[in-house]
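First the structure, then my questions, so here it is.
The values are calculated or read from the model by the stated rules, or taken from the named source; none is laboratory data. Quick caveat: nothing in here was measured; it's all calculated off a predicted structure. Cβ sites come from the backbone with ideal geometry, for glycine too, and all protein chains shown count toward neighbours.
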Amino acid sequence: MLTIRRAEASDADALGRCLDAAYATYAERIHGLPEMSADCAGEIERFEVWVAEVGGIVAGALVLVPGDGFLRLANVAVHPDHRGAGLGRRLMELAESEARRAGYDEMRLNTHADMAETVALYARNGWVETDRREKTVSMKKDLVG
């Protein structure tokens, strides 16, 4: 059974394990990729963090950060054991829903240029590339209409 809920401080360790597993493939091939699980407790405290649980296990995560006139999609991740079941899509739908609920007309994100499959996935889902500097790809999605 899938449950998506706001993360609590007690979720930090499980969230970290999920993020480490989700980014392991990228970490193997991208030199200098930051450790995504470095400050899960701090992120839960400071930002809007959601966890997706399957059978009581954290299988996905979503981190949203308010910006000046937009909501930043800081992280969306799905544990490899749970990919292909639509969990990422559900988390992205939640992100857009939360942005609209908070009154934002736009979402933004940054991703790594060497994560080409991720850039392509966002593009297929209505995100538009706005900038590319060194290894950072910036994208946005308008929520109006």
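Out of (1) surrounded by 13 or more Cβ atoms within 10 Å (Cβ to Cβ); (2) over 24 Å from residue 3 (Cα atoms); (3) among the β-branched types (Val, Ile, Thr); (4) touching a helix residue (DSSP H, G or I) at 6+ places or on another chain (Cβ under 9 Å), what's the single condition that is false for residue 119?
Every condition holds for residue 119 apart from (4).
Let me ask something additional. Please list, ordered by first then second residue, the pairs with beta carbon atoms under 8 Å, 6 or more apart or interchain, first in the stretch 106-124 and farther than 17 Å from residue 78 by Cβ, second at pLDDT 95 or above and acidic (Asp, Glu).
Matching pairs, first to second residue: 106/142; 107/96; 123/129.
Here is a follow-up. Can you go through 42, 88 and tell me which one is in contact with a strand residue (DSSP E or B) (Cβ under 8 Å, 6 or more places away or on another chain), part of a helix (DSSP H, G or I) and either of a type in the set (Gly, Ala, Ser) or surrounded by fewer than 16 Cβ atoms within 10 Å (Cβ to Cβ) (or both)?
Details: 42 fails: in contact with a strand residue (DSSP E or B) (Cβ under 8 Å, 6 or more places away or on another chain).
After ruling out the rest, the residue left standing is 88.
When the residues of the stretch 55-64 are filtered to those that are surrounded by fewer than 17 Cβ atoms within 10 Å (Cβ to Cβ) and in contact (Cβ under 8 Å) with a residue 12 or more places away in the chain, which remaining residue is nearest to residue 141 (Cα to Cα)?
Just the residues of the stretch 55-64 that are surrounded by fewer than 17 Cβ atoms within 10 Å (Cβ to Cβ), to begin with: 55-57.
Checking which are in contact (Cβ under 8 Å) with a residue 12 or more places away in the chain leaves us with 55, 57.
Values: 55: 32, 57: 30 Å.
The residue in question is 57.
Continuing with this model, one more query. Can you tell me which residue in the stretch 91-120 is nearest to residue 15 (Cα to Cα), limited to those that are small (Gly, Ala, Ser) and part of a helix (DSSP H, G or I)? Outline the logic, then answer.
Narrowing the stretch 91-120 to residues small (Gly, Ala, Ser): 95, 97, 99, 102-103, 113, 116, 120.
This time we only want the ones that are part of a helix (DSSP H, G or I), so: 95, 97, 99, 116, 120.
Details: 95: 17, 97: 22, 99: 22, 116: 24, 120: 25 Å.
By that ranking, first place goes to 95.
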